[in-house]
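Since every read-out is calculated from the coordinates, none of them should be taken as a lab result. Please read these numbers as outputs of a predicted model, since none were measured by experiment. Every residue, glycine as well, gets a Cβ built from its backbone with ideal geometry; the counts of neighbours run over all protein chains shown.
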Amino acid sequence: MGHLMAASTELRKRYNVTATPKLVIVKQNGEVITNQGRKQIRERGLTCLQNWLEAADVFQNFSG
């Protein structure tokens, strides 16, 4: 249980989480795409998912 608390504390600090729930969208390397995921979903619905995928370069290894 101590390890989970340490991980939780580290993530809260890294991504500046001051309240929950909070949706932070990050690249695979941990770089923040947006720290306002909940707000973006409320305002734009799931269409923001495409923007996040593009920003994350998720399909960079699948070029033809």
Grab every C-alpha pair in the chain, bin the distances at 10 angstrom width from 0 up to the longest one, and report whole percents. 19, 42, 29, 10, 1
Placing unit charges on C-beta atoms (Lys and Arg positive, Asp and Glu negative, everything else neutral), compute the dipole magnitude of the chain about its Cα centre in debye, rounded to 20. 320 debye
With unit charges on the beta carbons (Lys and Arg positive, Asp and Glu negative) and the dipole taken about the Cα centre of region 3-64, which residue among Thr34, Gln50, Asn16 sits farthest to the positive side? Asn16
Label 7 Å along Cα→Cβ of Glu10; region 16-43 residues with amide nitrogen under 20 Å? 16-18, 24-33
In sequence order, calculated HN-Hα J values of region 27-32 (Karplus, 6.51, -1.76, 1.60; Hz; x Gly/Pro): 6, 4, 8, x, 5, 6
Would you pull out the residues with amide H under 5 Å of Ile33's amide H, same chain only if 5 or more places away, H placed 1.01 Å from N? Ile25, Val26, Lys27
List, in order, the whole-Hz ³J(HN,Hα) value for each residue of region 42-54 obtained from phi through the Karplus relation with A = 6.51, B = -1.76, C = 1.60 and θ = phi - 60°; use x for Gly and Pro. 4, 7, 10, x, 6, 5, 5, 4, 4, 4, 5, 4, 5
Work out, step by step, the length gained on full extension between Asn35 and Val17: first 0.36 nm times the residue separation, then minus their alpha carbon distance; give nm to one decimal. 5.6 nm
